Amino acid sequence: MREVREAAETSLTRAAALSGWGKGHLSRVERGLTKPSRGLVEWYDTAFGAGQALLGQFLDLEAAVRVGREMSLRDARLHRTTGAARFPVAAGGTVPVDHDPADCCLLMDEDPPDGTLVPCGQAFDKTWTVRNAGPVPWRGRWLTRQGTPGVAGWLQSPIRVQLGEVEPGADEVIRIRLRAPRVEAACTAYFKITDATGRLYFPGSQSRPLHCTINAVEWDVRRGGPG
């Protein structure tokens with residue numbers, strides 16, 4: 001939300017005046033401290049020309065949270081009836097069998113940076129350098145795409161890519177090939193580290209997803225830049 005506002009060269013003060021929401025509230029939303037309402041997300045989409053890209057992301061995340069709650073409730077029922085949950089349970093849903101609460105992943109670097117202009121329909125590579133900052137080695141982990149395909153501004157990508165074996169304190173460079181949509185849009189793809197079945201190693205608020213945010217634009221080949 002902050003990126004599309006800044007791309008439209010609109011200050012936070014101006015956005016607050018135009019939208020009717022308080023400047024402090026908008027600041028907390030943009031920093032990820034407060035959940036936005038659907039109405040606010042739709043206003044950002046319309047006011048800053050993002051089509052329905054932000055709304056699509058909002059609905060994706062709502063669906064992911066709903067699935068996590070359903071998984072938690074399922075395991076709670078299983079625990080009551082059998083005395084043991086099928087998988088370890090943490091806030092936001094089930095976690096892998098080798099889940100360790102001291103596990104930690106830090107984002108060290110990424111390329112290209114957020115907001116990069118990419119020609120509509122063009123394929124490109126996104127890399128994240130992450131550090132295993134916890135006490136346990138990473139084995140059999142995957143970077144798995146979050147959300148549902150087909151929403152406006154969807155970045156095409158593989159569903160998941162496998163990570164190498166990463167010892168505590170070591171870095172891992174994760175590379176994934178994406179393709180910009182064929183229409184102009186500000187778009188974001190979200191990924192999280194999971195096991196082979198898709199269970200999150202860092203559920204709930206333990207870590208923010210890795211993401212790739214680009215602006216797909218019509219490209220003028222003769223000028224070597226946006227049309």
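The values are calculated or read from the model by the stated rules, or taken from the named source; none is laboratory data. Quick caveat: nothing in here was measured; it's all calculated off a predicted structure. With ideal geometry, Cβ positions are generated from the backbone for all residues, glycine too; neighbour counts draw on all protein chains shown. The area values use the complete protein model at the heavy-atom level, side chains included, leaving out ligands, DNA and RNA. Shrake-Rupley method; radii C 1.70, N 1.55, O 1.52, S 1.80 Å.
Structural remarks
- The one condition in (1) in contact with a Leu (Cβ under 7 Å, 6 or more places away or on another chain); (2) among the hydrophobic types (A, V, I, L, M, F, W, C); (3) touching a residue at least 60 places away in the same chain (Cβ under 8 Å) that Ala185 fails to fulfil: (1)
- Here the stretch 7-25 is the region considered, the condition is being in a helix (DSSP H, G or I) and touching a residue at least 24 places away in the same chain (Cβ under 8 Å), and the residue that is surrounded by the most Cβ atoms within 10 Å (Cβ to Cβ) is Ala15.
- Residues that are surrounded by fewer than 20 Cβ atoms within 10 Å (Cβ to Cβ), modelled with pLDDT of 85 or more, charged (D, E, K, R) and closer than 19 Å to Ala7 by Cα, drawn from the stretch 31-56: Glu42
- The combined condition, being open to solvent by less than 50 Å² (accessible area, probe 1.4 Å), over 23 Å from Tyr44 (Cα atoms) and small (Gly, Ala, Ser), is fulfilled by Gly140.
- Entirely in the stretch 105-193, the strands (runs of 3 or more DSSP E) that have 1 or more residues that are closer than 26 Å to Trp219 by Cα and in contact with a helix residue (DSSP H, G or I) (Cβ under 6 Å, 6 or more places away or on another chain): none
- Count of the stretch 188-213 residues, restricted to those that are at pLDDT below 85 and in contact with a Cys (Cβ under 9 Å, 6 or more places away or on another chain), is 4.
- Count - residues of the stretch 173-192 that are open to solvent by 10 Å² or more (accessible area, probe 1.4 Å) and of a type in the set (A, V, I, L, M): 4
- Unmet criterion (only one of (1) assigned to a helix (DSSP H, G or I); (2) farther than 19 Å from Arg208 by Cα) for Arg28: (2)
- Scanning the stretch 96-114 turns up no residue that is open to solvent by 40 Å² or more (accessible area, probe 1.4 Å), at pLDDT below 55 and of a type in the set (Val, Ile, Thr).
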